[in-house]
Amino acid sequence: MGFVIALSGKGGMGKTTLAALMVRHLSHARGKAVLAVDADPNSGLGEALGISPEHTLADIREDTREDRLQLSAGMSKERHLELLIQSCLVEGNKFDLLTMGRPEGPKCYCYVNNLLRKYLDEATKEYPIVVIDNEAGMEHLSRRTTNNVDELFVVSDATRQGARTVGRIMKLADSLPIRVKRKEVLLNNIVPGADAADFRAAMRDAGFNVALEVPYDRGLYQACAAGKPVFDLPDSSEALQQLSKFLDTRVP
């Protein structure tokens, strides 16, 4: 079974950027085969990694629900769907990307969702590392996109509002029908001289661990603002270095 990392956090915290940096370090510096799963409806992970998916798993789900699939002669519907799901996998440089797309609506998607879970569970066995970029509501995880998460990192800034959001996400994670081995908080974009003591105290009182404080990185900010992939960053990037050292203590 592969090692599964999931990231969550409200918008604007840099969660997707951190997910992309994790993919970069684990696939390039560590030499691991990484499956990057974009489970945020905003679907920004591909851009951060420098690749663009042509279609998403949500497209397949909707086509199946609305009977828009053109089945091949002599091929079962399940096998046809499996091939379509596999076609959503985009090969990057030493990693693969799978984009989930928007969450499902009120209609029933049980059949195709079961196939998606089956495919992703098999994928976690084929890849040593899986990195899942989630929205704050963790819709795809709540639908049991995958059954096991080794590390859930909740990304926040050092604000009171951020602390409240972390608390809601942690509570939600406890209610999910999946197994989460460890839940930790990552503070992002900490500017020099910033005092995060109140945030740390609030997290300790709530029983959460602030595992890492990622410093503000001007080069990373400029790259994100210009829409450049994280692979354009130099190895000397302070944010990349701090995150890489941290991952090496968490990921076997």
- request: Return the Cα extents of region 154-252 along principal axes one, two and three, sorted largest first, each rounded to a whole Å.
  value: 39, 32, 25
message: Per 0.36 nm of contour for each residue apart, how much would the distance between Arg218 and Ser87 grow if the chain were fully extended, relative to their Cα-Cα spacing?
response: 43.5 nm
field: Positive-end residue of Gln241, Val180, Ala206, charge dipole of region 174-252 with Cβ unit charges
entry: Val180
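Which links in Lys94/Lys125; Lys15/Lys245; Lys32/Lys125; Lys94/Lys183; Lys10/Lys183; Lys10/Lys171 stretch past 20 Å when you go from one Cα to the other?
Lys94/Lys183
Each reported figure results from applying straightforward, stated rules to the coordinates on display, with no laboratory input. The structure presented is a predicted model; accordingly, all values stated were derived computationally and were not measured. In this analysis, Cβ positions are derived from the backbone assuming ideal geometry, glycine residues included, and neighbour counts consider all displayed protein chains.
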